[in-house]
Amino acid sequence: MDQIQQTLLEQIAGLHELPAGAYNIRANGKSAARNTTANIDIITKEDKQGIDIKIKDNTKKESVHIPVILSQTGLTEMVYNDFYIGDNCDVTIVAGCGIHNSGSQESRHDGIHSFFIGKNSHVKYVEKHYGSGDGNGENVMNPTTIVHVGEGSFMEMETVQIRGIDSTKRTTTCDLEKDAKLVITERLMTHGKQYAESDFQVDLNGENSSTNLISRAVAKEDSRQLFVAKINGNNKCAGHSECDAIIMDNAKISAIPEITANHLDAALIHEAAIGKIAGEQIIKLMTLGLTEAEAEEQIVNGFLK
Amino acid sequence: MLELRDLSFEVTPENGAKKEIIRNINLTIEDHSLTAITGPNGGGKSTLAKLIMGIEKPTGGQILYNGQDITNLSVTDRAKFGISFAFQQPVRFKGIKVKDLITLASGTKLSTVDACEYLSKVGLCARDYINRDVDASLSGGELKRIEIATIIARNTPLSVFDEPEAGIDLWSFNNLIKVFEDMKSARENSLIIISHQERILNIADNIIVIADGKVKEQGAAKNLLPHLLSGTGGCKFYQ
């Protein structure tokens with residue numbers, strides 16, 4: 001693995017070396033390294049690009065890392081990763097994609113991740129996207145995440161896209177069974193002429209299922225963002241979505257929250273707020289000796305932390 | 001030493017007539033002193049404080065700090081020059097922690113223990129607060145005390161407090177007086193405190209009364225205070 005690939009790996013997965021536990025590192029369209037454990041198996045798909053990750057019942061305190069890196073300009077790929085998580089598990093899954101494009105052609109990674117979570121399991125899923133490169137070629141990522149949360153299970157999903165991705169369309173579709181819980185935290189920053197779209201749909205099908213979708217976004221310069229959050233309450237359930245965005249320069253942001261109650265005992269709330277950085281916040285930090293630019297940076301970093 | 005020379009500030013509301021908020025104020029604030037600025041609401045006290053910090057720009061006159069004209073300096077430059085400002089209504093931030101704010105204020109890397117010490121000084125049980133966001137989850141009183149802790153952490157030669165007592169409960173107020181007394185007895189820095197509170201006026205070296213944008217009275221607290229409080233049972237400008 002070369003220096004560029006190592007940097008990408010560090011950015012998206014915080015990895016300086018091969019991780020403990022199960023992992024599969026995909027570099028420029030090929031599997032570069034893999035490790036399985038007694039409880040976690042990783043199998044290459046035969047009919048299409050991608051892998052199946054199978055986690056046995058009662059697997060506790062284990063992790064799976066499946067980073068993808070692209071450093072070859074003009075490479076486009078569509079990858080299917082399916083996660084089968086058994087009952088009574090407690091696992092952390094770290095995915096992410098880093099693209100370094102120093103050429104003039106578009107580099108593109110479209111990943112479709114499907115999660116099939118059994119009963120009473122806890123899954124923490126972290127996904128980071130990062131792009132770099134000095135060429136004119138665009139870095140494009142279109143991740144799709146499909147989540148089935150089984151009875152009594154809890155899925156925590158954290159997604160981060162802070163820099164370097166020119167265009168992204170993120171689609172997340174989830175359904176929840178009885179007593180299942182889903183918390184999604186999205187952090188997104190766009191700059192330049194970037195475009196980012198985030199589209200969530202959550203079906204609260206089971207009794208006492210609940211979800212909380214939280215999006216924090218910053219759009220700078222000429223970038224554009226679209227945030228769509230749909231929650232359908234199909235049973236006695238609780239749903240909450242919150243989009244909080246800072247707009248700067250000439251950026252444009254749209255937030256479209258939608259909640260539908262198909263059951264008398266569905267309690268659904270949506271909140272969306274878009275605004276520029278409050279002038280008084282900048283002034284307060286300037287009274288502590290920061291310049292206006294430093295104050296802005298501090299506010300944005302804190303907001304996205 | 002801070003010197004205000006012929007300082008004026010006027011605003012022109014849309015479709016309205018010019019309004020003078022500060023009218024030709026001349027003042028000198030000596031080093032190592034505690035000066036209380038008092039006077040009726042709407043008299044121009046907070047505006048004067050903002051002019052000193054550079055948050056508002058004067059429409060006339062000069063501000064000199066240690067002999068240097070700082071009238072056209074930015075808020076940042078004045079902060080770096082050693083002036084601090086405690087807001088009457090402290091600002092809230094999503095995602096900035098109490099510890100982050102105190103660290104920014106101190107200008108050095110602080111350990112949790114150091115940051116906690118500043119919070120303890122303003123009567124907050126530090127461990128409960130240090131990792132909380134400076135956001136809407138804090139009450140007005142808690143926020144106000146954190147604001148004062150940031151000023152203590154800055155430890156600059158001149159600090160301006162805009163109504164530090166506003167929104168603070170009685171117990172914290174006693175604590176606050178102690179904080180100001182300690183700062184005063186150290187005699188290292190100068191304090192300007194805008195206040196309506198008799199107990200703050202009581203610990204001041206000097207008192208300046210601002211009304212209608214002008215200095216109405218000024219002098220040593222021991223000379224001015226009896227007359228300010230006479231007959232009314234409280235500060236007459238507070239009535």
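Given the criteria out of contact with any Phe, Trp or Tyr (no Cβ under 9 Å at 6 or more places or on another chain), among the hydroxyl-bearing types (Ser, Thr, Tyr) and more than 30 Å from B:LYS178 (Cβ to Cβ), does B:THR35 qualify?
No: the conditions fail for B:THR35.
Evaluate the stretch B:58-68: report whether one residue or more is touching a residue at least 40 places away in the same chain (Cβ under 8 Å), surrounded by 17 or more Cβ atoms within 10 Å (Cβ to Cβ) and more than 20 Å from the chain's Cα centre (by Cα). So that I can check it myself, show each step before the final result.
Of all residues in the stretch B:58-68, those touching a residue at least 40 places away in the same chain (Cβ under 8 Å) come to B:58-67.
The next check asks that each one be surrounded by 17 or more Cβ atoms within 10 Å (Cβ to Cβ); those that pass are B:58, B:61, B:63, B:65.
This time we only want the ones that are more than 20 Å from the chain's Cα centre (by Cα), so: B:61.
Checking the stretch B:58-68: at least one residue is touching a residue at least 40 places away in the same chain (Cβ under 8 Å), surrounded by 17 or more Cβ atoms within 10 Å (Cβ to Cβ) and more than 20 Å from the chain's Cα centre (by Cα).
Going by the conditions given, is A:ARG216 more than 30 Å from B:ILE83 (Cα to Cα), among the basic types (Lys, Arg) and within 13 Å of chain B (Cβ to nearest Cβ)?
Yes; evaluated as a whole, the condition is true for this residue.
Can you name the residue in the stretch B:170-213 that is among the polar types (S, T, N, Q) and out of contact with any strand residue (DSSP E or B) (no Cβ under 8 Å at 6 or more places or on another chain) and, of all such residues, is nearest to B:LYS45 (Cα to Cα)? Spell out the reasoning first.
Within the stretch B:170-213, the first condition is being among the polar types (S, T, N, Q), and the residues that meet it are B:172, B:174-175, B:185, B:189-190, B:195, B:197, B:202, B:206.
With out of contact with any strand residue (DSSP E or B) (no Cβ under 8 Å at 6 or more places or on another chain) added as a condition, the list becomes B:172, B:174-175, B:185, B:197, B:202.
Details: B:SER172: 23, B:ASN174: 23, B:ASN175: 24, B:SER185: 25, B:GLN197: 14, B:ASN202: 18 Å.
So, considering only residues that are among the polar types (S, T, N, Q) and out of contact with any strand residue (DSSP E or B) (no Cβ under 8 Å at 6 or more places or on another chain), the one nearest to B:LYS45 (Cα to Cα) is B:GLN197.
Got a number for residues in the stretch B:101-126 being at the interface with another protein chain (Cβ under 7 Å from one of its Cβ atoms), farther than 30 Å from B:THR28 by Cβ and part of a loop (DSSP other than H, G, I, E, B)?
Of the residues in that region, 0 qualify.
Among the residues of the stretch A:43-59, which ones are in a loop (DSSP other than H, G, I, E, B) and without any contact (Cβ under 8 Å) to a residue 40 or more places away in the chain? Spell out how you get there, then give the answer.
Of all residues in the stretch A:43-59, those in a loop (DSSP other than H, G, I, E, B) come to A:45-49, A:56-59.
The answer is A:LYS45, A:GLU46, A:ASP47, A:LYS48, A:GLN49, A:LYS56, A:ASN58, A:THR59.
Looking at A:ASN212, A:ASN208, which one is at positive phi and not β-branched (Val, Ile, Thr)? Outline the logic, then answer.
Working: A:ASN212 fails: at positive phi.
Residue meeting the stated conditions: A:ASN208.
Out of A:ALA293, A:ALA238, A:ALA245, A:ALA217, I need the residue that is small (Gly, Ala, Ser), open to solvent by 40 Å² or more (accessible area, probe 1.4 Å) and in a strand (DSSP E or B). Which one? It would help to see each step written out before you state the result.
Details: A:ALA293 fails: in a strand (DSSP E or B); A:ALA245 fails: open to solvent by 40 Å² or more (accessible area, probe 1.4 Å); A:ALA217 fails: open to solvent by 40 Å² or more (accessible area, probe 1.4 Å).
Exactly one residue qualifies, and that residue is A:ALA238.
Quick one: in the stretch A:1-42, of everything that is in contact (Cβ under 8 Å) with a residue 40 or more places away in the chain and in a helix (DSSP H, G or I), which residue is most open to solvent (accessible area, probe 1.4 Å)?
The qualifying residue most open to solvent (accessible area, probe 1.4 Å) is A:GLN11.
Here are the criteria: (1) at pLDDT 95 or above; (2) open to solvent by less than 20 Å² (accessible area, probe 1.4 Å). Tell me which single one A:LYS56 does not satisfy.
It fails just one condition, (2).
Conditions tested, residue by residue: (1) among the small types (Gly, Ala, Ser); (2) under 30 Å from B:ALA86 (Cα atoms); (3) modelled with pLDDT of 95 or more; (4) in contact with a Phe, Trp or Tyr (Cβ under 8 Å, 6 or more places away or on another chain).
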site	(1), (2), (3), (4)
A:THR260	no, no, yes, no
A:ASP265	no, no, yes, no
A:LEU268	no, no, yes, no
A:GLU271	no, no, no, no
A:GLY279	yes, yes, no, no
A:ILE282	no, yes, yes, no
A:THR287	no, yes, yes, yes
A:THR291	no, yes, yes, no
A:LYS305	no, yes, no, no
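Could you tell me how many of the residues in the stretch A:112-129 are in contact with a helix residue (DSSP H, G or I) (Cβ under 9 Å, 6 or more places away or on another chain) and open to solvent by 40 Å² or more (accessible area, probe 1.4 Å)? Talk me through it step by step, then tell me what you get.
Of all residues in the stretch A:112-129, those in contact with a helix residue (DSSP H, G or I) (Cβ under 9 Å, 6 or more places away or on another chain) come to A:126-129.
Now narrow it down to the ones that are open to solvent by 40 Å² or more (accessible area, probe 1.4 Å): A:128.
Going through the stretch A:112-129 one residue at a time, the tally reaches 1.
Can you name every residue in the stretch B:79-100 that is part of a helix (DSSP H, G or I), surrounded by 19 or more Cβ atoms within 10 Å (Cβ to Cβ) and more than 8 Å from chain A (Cβ to nearest Cβ)?
Passing the criteria: B:VAL98, B:LYS99.
So is B:LEU51 within 18 Å of the chain's Cα centre (by Cα) and touching a residue at least 60 places away in the same chain (Cβ under 8 Å) or not? Show your work before the answer.
Working: within 18 Å of the chain's Cα centre (by Cα): yes; touching a residue at least 60 places away in the same chain (Cβ under 8 Å): no.
No; evaluated as a whole, the condition is false for this residue.
Listed here are the residues, each with its yes/no results for (1) touching a residue at least 12 places away in the same chain (Cβ under 8 Å); (2) touching a strand residue (DSSP E or B) at 6+ places or on another chain (Cβ under 8 Å); (3) within 18 Å of A:ASN301 (Cβ to Cβ).
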residue	(1), (2), (3)
B:THR103	yes, no, yes
B:GLY107	yes, no, yes
B:THR112	yes, no, no
B:GLU117	no, no, no
B:LYS121	yes, no, no
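Restricting to the stretch A:121-146, name every residue that is charged (D, E, K, R) and closer than 19 Å to A:VAL64 by Cα.
A:LYS124, A:GLU127, A:LYS128 - these are the residues of the stretch A:121-146 that are charged (D, E, K, R) and closer than 19 Å to A:VAL64 by Cα.
Here's the yes/no breakdown for (1) more than 16 Å from A:SER198 (Cα to Cα); (2) without any contact (Cβ under 8 Å) to a residue 40 or more places away in the chain; (3) within 12 Å of chain B (Cβ to nearest Cβ):
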position	(1), (2), (3)
A:ASP249	yes, yes, no
A:GLU258	no, yes, no
A:LEU264	yes, yes, no
A:ALA267	yes, yes, no
A:GLY279	yes, yes, yes
A:ILE283	yes, yes, yes
A:THR291	yes, yes, yes
A:ALA295	yes, yes, yes
A:VAL300	yes, no, yes
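Tell me, which strands (runs of 3 or more DSSP E) lie completely within the stretch B:145-239 with 1 or more residues that are open to solvent by 10 Å² or more (accessible area, probe 1.4 Å)?
Where strands (runs of 3 or more DSSP E) fall fully within the stretch B:145-239 and carry at least 1 residues being open to solvent by 10 Å² or more (accessible area, probe 1.4 Å), they are B:206-211, B:214-220.
From the list B:PRO58, B:PRO40, B:PRO13, exactly one residue is over 23 Å from B:ALA153 (Cα atoms) and at pLDDT 95 or above. Which is it?
B:PRO58
Could you grab me the full set of residues in the stretch A:128-164 that are in contact with a Cys (Cβ under 9 Å, 6 or more places away or on another chain) and either outside any strand (DSSP E or B) or at pLDDT 90 or above (or both)?
Listed by number, the residues that qualify are A:PRO143, A:THR145, A:ILE146, A:VAL147, A:HIS148, A:VAL149, A:SER153, A:MET155, A:MET157.
The values are calculated or read from the model by the stated rules, or taken from the named source; none is laboratory data. Fair warning: this is a prediction, and the values are worked out from it, not measured in the lab. Heads up, the Cβs are rebuilt from the backbone with ideal geometry, glycines too, and the neighbour counts pull from every protein chain shown. SASA here: full protein model, heavy atoms, side chains in, ligands and nucleic acids out. Shrake-Rupley method; radii C 1.70, N 1.55, O 1.52, S 1.80 Å.
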